[in-house]
Amino acid sequence: METPLTANIRPGREPLDIAAYRKNGGYRAVQKALRSMAPEEVTGAVKDANLKGRGGAGFDAGQKWSLVPMGGNAHRPKYLVVNADEMEPGSFKDRLLMEGDPHQLIEGAILAAYAIQADAAFIFLRWEYRLAAGLLKQAIAGAYRSGFLGRNVLGSGYSLELNLHISGGRYMCGEETGMLNAIEGRRANPRSKPPYPQASGLWGKPTVVNNVETICNIPHIVNNGAGWFRGLSRTGEGGTKIYGASGRVRSPGAWELPMGTTLREILEEHAGGMQAGYRLRGLLPGGASTDFLTPAHLDVKMDFGSVETAGSRLGTGTVIVLDNRSCPVGMVLNLERFFARESCGWCTPCWGGLQFVAQLLTGIEAGQGRMEDIGLLERLAGMLAPGHTYCALAPGAAEPLASALRFFRDDFERHIREKRCPWRDA
C-alpha cells in the first residue's frame, strides 16, 4: 500500500531537513512544474486527479483553482492561504503532517501558488501548534536559502513570498472568509458570498484557501500523474486519506489509508477495536460537526459521497467514538457548549440559538429537563440548518444534536423521567 503523505514521517524523530527531504525526491515537483508545466497544466492535473478538499467540505480542489482569474487582465496581487487552523474537535491529521514533514506542505504550497499565479502565500496556523510553528519556520527559512521561495524561483521568472501567520485562536478562524478577515487584522467574522474568495478574497484580491492535507497531496500528483493518484483510492475520489480515531478504542491515532476505506477497517484493524469492557454505540465520522452514525454503518466507505449517502459527512475523516458506558446527552452537551462559545456572534441563529441549545441540554443532563424540551431541541436544530446562517458553524453544530435526538432519543427521555444522568454513577 502506497502512503505518499506519510512516507517521510518518522514517529518519535525529528522531521527531515531540506537536504534529506531533497534526497528523498523533495522539491522535484517544483522543479518539474516551473521548468516544464504551464500553470494551467498544474491545475489540470489536480482536476484530473479528482482531489477533493480534505478540510471537510470535499470541494474539488482543481475546480476551485480554475475559478481564479488568470492572464494579464487578472487583478493582482493574488494570494494562496493554507488553512492550518485545525480547531475541529477530534481532528489532528494536519498536525501530524506539519510536525512530521513540513517541507511537504511548503512544496505543495509553492505548486498551488504557481498554479493560480499567486504573488504571496500564507500558512494560517492554529496558535496552540507551537511545535509545528517552530518546524515550519525552520523549513520556510531553508526553502528560501535553497531558492525555492523568494524572487525568481529557480530562475523561472516566477516569484513567491511565503508567510507563516500564527492565529490568535478561535474556531471561527477556520472558516475561510473569517480566516481572511483575521489575516487582515480584523475580527474573524464570516463574509457574505458572493463574491467568493477566488474573485475577491484577501484585501479584495483573488484568493484560494485550501486545507493542509489537500496541499500536501499536490507534489505527489505533479510527480506521479493524475492516473496514479486516482489508482491509490478504493473509490472514485482520488488518493489516500489521513483517517483518525479517538475515544475508547485500543489504539487511538491516525493512519494514511486508501480513500474509501471502510469504517470497520479503520476501527477494528487500525484502531484495534474497542477497549475491553466497552462496546461501540455510535460515532461521529468526521470530527465534532458531523452526524452520528451507528454500528449498522460500519461497512460504509469513508469517502465524501458514501458517507453523505449514509446520512452524515466525511468532514475531516477523524472518527470520535461513543461507547456504551458514556452518556450521549453529556457528549452532545460538551460539543454544543464548545460551539456556543466559539460562535463569533455575527448572526442571531448561531449565537442565540446555540446558547439556548446548551442551556436546554444542561438542564436535561442535570435532571431538570422537561419532555417538551426534546421537541424544542429538534426545532432549534432545524432553525440552525444550512441557509439560515452566514457560515457553516451553526449548521455543523446542529448535526450531532439532530442525529443524537434521532438515534439516542430514549437516553434523553430517560434523563427527564429519572431526573438525573443515568451514567453519572454507572
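The values are calculated or read from the model by the stated rules, or taken from the named source; none is laboratory data. Predicted, not measured: the structure shown is a model, and the values here were computed from it. We place every Cβ from the backbone using ideal geometry, glycine too, and count neighbours over all the protein chains shown.
Of all residues in the stretch 389-409, at least one satisfies being at pLDDT below 95, touching a helix residue (DSSP H, G or I) at 6+ places or on another chain (Cβ under 6 Å) and not in a helix (DSSP H, G or I).
When we screen 107, 86 for residues that are surrounded by 23 or more Cβ atoms within 10 Å (Cβ to Cβ), on the phi > 0 side of the Ramachandran plot and in the same structural domain as residue 181 (by TED's automatic domain parsing), the only hit is 86. Among the residues that make up the stretch 60-75, is at least one of them more than 29 Å from residue 306 (Cβ to Cβ) and surrounded by 20 or more Cβ atoms within 10 Å (Cβ to Cβ)? Yes, some residue in the stretch 60-75 is more than 29 Å from residue 306 (Cβ to Cβ) and surrounded by 20 or more Cβ atoms within 10 Å (Cβ to Cβ).
Condition check for residue 343 on (1) in contact with a helix residue (DSSP H, G or I) (Cβ under 7 Å, 6 or more places away or on another chain); (2) of a type in the set (S, T, N, Q); (3) closer than 23 Å to residue 308 by Cα: one failure, at (3). Among what's in the stretch 123-176 and is over 11 Å from residue 85 (Cβ atoms) and either aromatic (Phe, Trp, Tyr) or outside the structural domain of residue 190 (by TED's automatic domain parsing) (or both), pick the residue that is farthest from the chain's Cα centre (by Cα). Going through the qualifying residues, I end up with 158.
For beta carbons closer than 7 Å, sequence separation of 6+ or different chains, a first residue in the stretch 258-272 that is without any contact (Cβ under 8 Å) to a residue 24 or more places away in the chain and a second that is surrounded by fewer than 18 Cβ atoms within 10 Å (Cβ to Cβ), the qualifying pairs are 272/250; 272/251. Look at (1) more than 30 Å from residue 13 (Cα to Cα); (2) touching a Phe, Trp or Tyr at 6+ places or on another chain (Cβ under 7 Å); (3) of a type in the set (S, T, N, Q) and you find that residue 163 fails only one, number (1). Is it the case that residue 34 is crowded, with 19+ Cβ neighbours inside 10 Å, assigned to a helix (DSSP H, G or I) and touching a Cys at 6+ places or on another chain (Cβ under 6 Å)? No. Might you let me know whether the stretch 180-200 holds any residue that is under 26 Å from residue 320 (Cα atoms) and in contact (Cβ under 8 Å) with a residue 60 or more places away in the chain? For the stretch 180-200, residues under 26 Å from residue 320 (Cα atoms) and in contact (Cβ under 8 Å) with a residue 60 or more places away in the chain: absent. Right, residue 311: at pLDDT below 95 and either within 21 Å of the chain's Cα centre (by Cα) or among the hydrophobic types (A, V, I, L, M, F, W, C) (or both) or not? Judged against the criteria, residue 311 is not a match. When 299, 291 are checked against the criterion of being assigned to a loop (DSSP other than H, G, I, E, B), farther than 30 Å from residue 422 by Cα, at pLDDT 95 or above and not assigned by TED's automatic domain parsing to the domain that holds residue 413, 299 stands alone in meeting it.
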